[in-house]
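What follows is a single structure, written as structure tokens, with notes after it.
Derivation of every value follows stated rules applied to the coordinates shown; laboratory data play no part. Keep in mind that this is a model prediction, so the values were computed, not measured. Cβ placement follows ideal geometry from the backbone for every residue including glycine, while neighbour counts extend to all protein chains displayed.
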Amino acid sequence: MRNVQINDHENVPRNVIATGNDYADGFVLAKHHHMRGQCLYAITGVLTVTTHTGSWVVPPHRALWVPAGVEHEVHMDGITKTRNAYILPKAAQDAGLPNYCTVIAVSPLLHELLSTAVDLPAEYPLGGHNEHLMQLVIAEIALMPHLPLNAPLPQEPRLAKLCRELLKSPSLDANLELVSKQVGMSRRNFTRLFRKETGMSFGQWRQQACLLAALTRLSMGESVTQIAIELGYSSTSAFTLSFRRALGASPSQYIGDQIDSK
């Protein structure tokens, strides 16, 4: 596998280019954007990707679709191995890929395709096996189901600052009365504006922020009980129930699926 910097190849006349990179725990890719859409796939480690509109957590064996031109920052938790497919905007549009960021599942086929694609030259020959493989990469990405692993960020400056702070240390104990005072709003105005800016209530957003934090910590090997307590859940069973409602599996089942798919 070659470590390739996509900026050196953005103008290569191919619909899709693949790269692979390894990162140390705690590494941060500062804000940047690409001329191509990016499928950012985490084989190991946990990615937290932030844009001006939201934050996404990408556990192992999941991927994030980032449309062309979207500025994003990437934080690595754990030793991280990524595989990336960069797709020209027209090819992404033709395949039906969305114009917004979203976490997607990664099928065994897509895993194998991306693992193989990173070893192809950036300007692979057209009309043969390599081009067919790369076209299949695009088609398989487009087929993947979307996963609810994001927390939208409001654009109003006071709310945006609050939410960014809460994402760093989320808790169900974050009180509506206190946070509304913190940003200098009445509870009524805060509630109204927060829903308008994010499309959800503060309680729903707080729950989602806790879910994202839990995913990161579970993937790093922390215990369910410790996570539940520190995020403010009343019990381990309450945390497990909330997790299951959001992701359709218990924490242990979800992490087990990641391990089994490696």
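Using a 10 Å cut-off on Cβ atoms, rank the peptides 73-85, 120-132, 234-246, 96-108 from the highest mean neighbour count down. Before the final figure, lay out each step's value.
Working: 73-85: 20.2, 120-132: 12.6, 234-246: 15.5, 96-108: 17.2.
With the highest mean Cβ count within 10 Å placed first, the list reads 73-85, 96-108, 234-246, 120-132.
So what's the net charge close to residue 216: Lys and Arg +1, Asp and Glu -1, counting the other residues with Cβ under 14 Å from its Cβ? Charge balance near residue 216 sits at -1. A Gaussian network model of the chain, with springs between Cα atoms under 10 Å, assigns the largest mean-square fluctuation among 151, 63, 139 to 139. Shown is the FRET efficiency for residue 115 and residue 164, computed with R0 = 25 Å from the Cβ-Cβ distance and rounded to the nearest 0.05: 0.15. When the chain is treated as a GNM with alpha-carbon contacts under 10 Å, the residue of 87, 43, 229 showing the greatest mean-square fluctuation is 229. Classify the chain from the C-alpha gyration tensor, please: rounded if a/c falls under 1.5, else prolate or oblate depending on whether a/b exceeds b/c. Note, shape of the chain comes out prolate.
In which sequence would 28, 49 go, from the one with the fewest C-beta neighbours within 10 Å to the one with the most? Working shown, then result.
On the way: 28 11, 49 22.
Fewest-to-most Cβ neighbours within 10 Å comes out as 28, 49.
Anisotropy class assigned to the range 151-260 is prolate, per the alpha carbon gyration tensor with a/c at or over the 1.5 cut-off and a/b larger than b/c.
For the chain, lysine pairs with C-alpha atoms less than 27 angstrom apart, excluding pairs fewer than eight positions apart on the same chain, total 12.
Computed from phi, the 3J(HN,Hα) profile of the range 61-68 under the Karplus parametrisation 6.51, -1.76, 1.60 (θ = phi - 60°) reads 6, 10, 9, 10, 8, 10, x, 4 Hz, with x in place of Gly and Pro. Springs between Cα atoms under 10 Å define the GNM used for the chain, and in it the highest mean-square fluctuation of 218, 114, 166 occurs at 166.
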